[in-house]
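The block underneath contains the structure these notes are about, expressed in structure tokens.
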Amino acid sequence: MTSALFVVSEEGYWAEECIEPLTTLESEGVDVTVATPSGSPPVVDERSLDPEAAGGEERVAELREVDETHPGLNDPEPIATVDAEGYDAVVFPGGHGTAWDVNQDRHARQLLLDAVAGEESVALVVCHAVGILAFTREADGTPLVEGRSITGFPNEWEADIVDDHDVMPDGRKLPYWVEDEVVLAGAEFDAELDADTSVTVDGDLITARGPGSSADAAATLLDEL
């Protein structure tokens, strides 16, 4: 059976970016395992469950039901105990929370590195989770993202969210902007701001811009699998 590992933030994952790929893969018979940095259930960013952001009350109800009832989301594995070699795909859903936990976790970075390097596996990285690419390095110290074509959450959108001191609406200080970090690490970054969605495939690495690209990202991942 085809299998996928979802590495999800405990600090705030974006509902659409996790649940759309997760349910899409499961509907096609893919076996999904969920992991978080500590093994505690991931926390959904409540802003992603605002009807205006999510696409209406009915969609919010669907997303919230999955968040509250999905076995993997409610009883995840600790990141340190899973191995990318056991999965055909490793998926990193976005959300600002990833900036504080998943993107900074050495075990998460190793999972990403192994998934991209593996002959039979692929990685999907969405939105703010794309920041992990700036901190993931090959054995010789070369950034994994160097020279790769990727998309992700753009500076132009970030500027509409944080204040002049990079403070989030919830009061937390955003430690870095995704686009800045991946470009500094050598990525060829293009969020395709004139397009409705943005999904980029570079070898075994798939990246997606944000919530609106989640469905395309899931379809692309299925095609790659």
Query raised in the report: How do the pairs read when you match residues in segment 75-95 that are closer than 13 Å to residue 119 by Cα and open to solvent by 10 Å² or more (accessible area, probe 1.4 Å) with residues anywhere that are hydrophobic (A, V, I, L, M, F, W, C) and in a loop (DSSP other than H, G, I, E, B), using Cβ under 6 Å and keeping only pairs 6 or more apart or on different chains?
Result: 88/225
Query raised in the report: Within the set of pairs 6 or more residues apart or between chains, which connect a residue that is within 19 Å of residue 55 (Cα to Cα) and without any contact (Cβ under 8 Å) to a residue 60 or more places away in the chain inside segment 210-225 to a residue that is surrounded by 16 or more Cβ atoms within 10 Å (Cβ to Cβ) and of a type in the set (A, V, I, L, M) with Cβ atoms less than 9 Å apart?
Result: 216/199; 216/208
Requested in this report: Using the structure shown, decide if residue 32 is β-branched (Val, Ile, Thr) and within 12 Å of the chain's Cα centre (by Cα).
Outcome: no
Query raised in the report: Among the residues of segment 86-131 satisfying the criterion of being touching a His at 6+ places or on another chain (Cβ under 7 Å) and assigned to a helix (DSSP H, G or I), which is nearest to residue 218 (Cα to Cα)?
Result: 128
Query raised in the report: Quick check, is residue 152 within 15 Å of residue 92 (Cα to Cα), at pLDDT 95 or above, in contact with a Phe, Trp or Tyr (Cβ under 9 Å, 6 or more places away or on another chain) and assigned to a loop (DSSP other than H, G, I, E, B)?
Result: yes
Query raised in the report: Is it the case that segment 13-22 has a residue that's open to solvent by 30 Å² or more (accessible area, probe 1.4 Å), within 26 Å of residue 171 (Cα to Cα) and modelled with pLDDT of 95 or more?
Result: yes
Query raised in the report: Which of the residues that make up segment 48-61 are open to solvent by 70 Å² or more (accessible area, probe 1.4 Å) and either in contact (Cβ under 8 Å) with a residue 40 or more places away in the chain or farther than 17 Å from residue 17 by Cβ (or both)?
Result: 57, 58
Requested in this report: Given the conditions (1) in a strand (DSSP E or B); (2) of a type in the set (A, V, I, L, M); (3) farther than 24 Å from residue 12 by Cα, report the number of the one that residue 222 does not fulfil.
Outcome: (1)
Requested in this report: Could you tell me which numbered condition residue 32 fails, if it satisfies all but one of (1) of a type outside the set (Asp, Glu); (2) over 13 Å from residue 13 (Cα atoms); (3) open to solvent by 50 Å² or more (accessible area, probe 1.4 Å)?
Outcome: (3)
Query raised in the report: When the residues of segment 140-149 are filtered to those that are open to solvent by 40 Å² or more (accessible area, probe 1.4 Å) and part of a loop (DSSP other than H, G, I, E, B), which remaining residue is farthest from residue 169 (Cα to Cα)?
Result: 140
Query raised in the report: When residue 162 is evaluated against the numbered criteria (1) open to solvent by 40 Å² or more (accessible area, probe 1.4 Å); (2) of a type outside the set (S, T, N, Q); (3) free of Cβ contacts under 8 Å to residues at least 24 places away in the same chain; (4) under 21 Å from residue 101 (Cα atoms), which criterion, by number, is the only one it fails?
Result: (1)
Query - All positions within segment 97-115 that are open to solvent by 10 Å² or more (accessible area, probe 1.4 Å) and under 16 Å from residue 206 (Cα atoms) - result: 109, 113, 114
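The values are calculated or read from the model by the stated rules, or taken from the named source; none is laboratory data. This one's a predicted model, so the numbers in the text were calculated from it and none came from an experiment. So basically every Cβ, Gly included, is an ideal-geometry build from the backbone, and we count neighbours across all protein chains shown. Only protein heavy atoms, including side chains, enter the accessible area calculation; ligands, DNA and RNA are left aside. Shrake-Rupley method; radii C 1.70, N 1.55, O 1.52, S 1.80 Å.
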